[in-house]
1. Would you mind checking which residues have amide H under 5 Å from Gln224's amide H? H placed 1.01 Å from N; only 5 or more apart, or other chain.
2. Relative contact order for segment 139-198: what is it in percent, counting Cα pairs under 8 Å that are at least 6 residues apart?
3. Quick one: net charge around Val213, please, counting Lys, Arg +1 and Asp, Glu -1 for every other residue with C-beta under 11 Å from its C-beta.
4. Among 156-168, 73-85, 111-123, how do they line up by average Cβ neighbours within 10 Å per residue, starting with the highest?
5. What's the carbon and sulfur percent of segment 104-244's accessible surface, probe 1.4 angstrom, rounded to a whole number?
6. Report the charge-dipole magnitude of segment 169-208 in Debye, nearest 20, computed about the Cα centre from +1 at each Lys and Arg Cβ and -1 at each Asp and Glu Cβ.
7. Quick one: what do you get for segment 112-251 if you divide its Cα Rg by 2.2 N^0.38 Å?
Amino acid sequence: HTHTQVVWGYNHEAVDVLLQLQREAALAEMASDAFKQYQSLMSREALANSATLSEEDSAVTSRVAGFTCLQVLNGHTASVPGLALVGVSSRDKDSSTYLLSAGWDQRVCLWDLQSARLVMHLTQAVPVDGAGGSGGGDGGEPVILTDLDYSEACNRFAYSCSNGTAYIRQFSDKSPSKWLLVGRMEGHKMEVTQVRWNPFSGGWVTASEDCTVRTWSCDGEGVQMVVVGSHVVSVLALDVCHGYIMAALQDLFKCVPSHAPHKPFTTLD
């Protein structure tokens, strides 16, 4: 982990420059004496192709020259384990594309990806109220944020923490004061390592070092299902087409359905 976020993408200006250089090289080749010597033996199609770049050549050019570091985002003071994209489709079409980030420094930051600008941040993401976790973990160690995800369906984001709790807040691009805490997902016995929004079921999914995966409602009220494994769940992925939860447990990979109405407790083994 690092406290710096790097945004990668295609630099279209660099691609255009390289394509122009390739076209000039092709034209220079056509002007050579060797080309003119065999020009009478070439078909019209071959002559036309020699002056243009093939689709395959253009695709290779884009992959090689276009993918580059576009932005470096500095705003956290510790490692950043969680990122979530907030697309323009969820709000005004003229607004920016945003990136949410969660760090070990208990900060949640909102970035404007068009301008690489830190729009706002929440400095104390873990509530210090004695309910559903506090600013410190067991033994007094500071609580860190371990993951983050965003739901376009309910315009909320959730982040998991080392105190065994995940928090749900309303999203707004106006002010962090509007990031109202609307729910807590409590029940894990150890650090919550992952949180994901499941569009198939319309709820949240969390994983923990207590070797369980739990599913929750959109508001985080009540555990809908507990999936018990034999190892720490380090990575979660959601199959949004069929509703399967895919979990990585050390060197094992397991897949289970995200809803089991007749089996509230299922196993990953």
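1. Thr215, Trp216, Ser217
2. Normalised by residue count, the contact order of segment 139-198 is 35 percent.
3. Numbers: positive: Arg196, Arg214, Lys254; negative: Asp210.
Summing Lys/Arg as +1 and Asp/Glu as -1 gives +2.
4. Most protected by this proxy first, the peptides run 156-168, 73-85, 111-123.
5. Numbers: 2910 of 5690 Å².
Using a 1.4 Å probe with all protein chains present, segment 104-244 comes out at 51 percent carbon and sulfur.
6. Computed about the Cα centre, the dipole is about 100 debye.
7. For segment 112-251, the normalised Cα radius of gyration is 1.05.
The values are calculated or read from the model by the stated rules, or taken from the named source; none is laboratory data. Because the structure is a prediction, the values reported are computed rather than measured. Every residue, glycine among them, receives a Cβ derived from its backbone with ideal geometry; neighbour counts consider all protein chains shown. Surface accessibility is based on the protein's heavy atoms, side chains included, excluding ligands, DNA and RNA. Shrake-Rupley method; radii C 1.70, N 1.55, O 1.52, S 1.80 Å.
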